[in-house]
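These notes concern the structure reproduced below.
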Amino acid sequence: MKPYFWDEARGVLIKNDLVMRRLIPRLGDAHLQSRGDAFITLARSIVGQQISVKAAQSVWDRFAALTAQLSPSGVLALSPQDMRAAGLSARKVEYLMDLARAFDSGDLQIADWPGMDDEEIISELLAVRGIGRWTAEMFLIFHLLRPNVLPIDDVGLINGIRKNYFADEPVSRAMVREVSAAWEPYRSVATWYLWRSLDPLPVAY
């Protein structure tokens with residue numbers, strides 16, 4: 001389903017930002033979608049850390065094929081050796097196991113997340129080893145469909161801004177903040193369109 005804010009966000013971005021006015025119509029009617037499973041969204045984000053979208057999808061496909069049920073209990077039943085053979089680093093194997101244990105034990109208060117603000121959720125997720133701010137931000141965007149997240153250290157966002165706003169010149173964090181001010185309160189949506197400007201396939205976690 002399309003996020004409730006999507007059409008309004010498109011209109012605001014087209015009105016307030018010349019680059020978005022060009023990009024959004026060109027990129028068609030696709031929109032951000034949630035996979036609907038908190039564990040899978042976070043696991044995909046861990047797998048995708050510090051590698052390209054294409055490489056992450058390849059590793060994820062091999063990892064997912066290891067178990068009939070991609071769930072916390074299913075992952076806990078896997079051997080680290082098989083996970084390494086799927087292309088995961090030793091560190092990512094540890095992180096995925098820790099994530100599975102956090103879900104399996106009930107340490108994460110998933111039922112409370114819809115009523116919490118973005119920073120409260122990020123703080124809770126950061127307590128899980130292997131989840132940094134970027135991973136938590138991807139979760140907010142792709143699972144909870146929060147409209148105003150700015151993943152300021154995301155390589156795709158930085159490259160999208162560099163390409164579309166600064167003619168491929170280097171971009172600082174201050175420049176990212178300056179550009180993104182025009183996107184409020186829909187920075188997640190603008191970020192998604194910039195990702196798509198680099199890769200026409202919709203980004204998903």
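The values are calculated or read from the model by the stated rules, or taken from the named source; none is laboratory data. Keep in mind that this is a model prediction, so the values were computed, not measured. Cβ placement follows ideal geometry from the backbone for every residue including glycine, while neighbour counts extend to all protein chains displayed. When the accessible area is computed, the model is the full protein with side chains, heavy atoms only, and any ligands, DNA or RNA have been set aside. Shrake-Rupley method; radii C 1.70, N 1.55, O 1.52, S 1.80 Å.
Kindly indicate whether any position in the range 111-123 is within 26 Å of PHE63 (Cβ to Cβ), within 15 Å of the chain's Cα centre (by Cα) and open to solvent by less than 50 Å² (accessible area, probe 1.4 Å).
So far as the range 111-123 goes, yes, one or more of its residues are within 26 Å of PHE63 (Cβ to Cβ), within 15 Å of the chain's Cα centre (by Cα) and open to solvent by less than 50 Å² (accessible area, probe 1.4 Å).
Only residues in the range 26-40 that are over 14 Å from TRP192 (Cβ atoms) and touching a residue at least 40 places away in the same chain (Cβ under 8 Å) count as the first member; pair them with residues that are open to solvent by 40 Å² or more (accessible area, probe 1.4 Å) and in a helix (DSSP H, G or I), Cβ under 7 angstrom, at least 6 apart or cross-chain, and list the lot.
Here the result reads ALA38/ILE110, each pair linking the range 26-40 to a residue that is open to solvent by 40 Å² or more (accessible area, probe 1.4 Å) and in a helix (DSSP H, G or I).
Here are some residues: ARG35, ARG26, ARG44. Which one is surrounded by fewer than 16 Cβ atoms within 10 Å (Cβ to Cβ) and within 21 Å of LEU125 (Cβ to Cβ)?
ARG35
Looking at (1) out of contact with any Gly (no Cβ under 9 Å at 6 or more places or on another chain); (2) at pLDDT below 95; (3) assigned to a helix (DSSP H, G or I); (4) aliphatic (A, V, I, L, M), which is the one condition that is false for LEU13?
(2)
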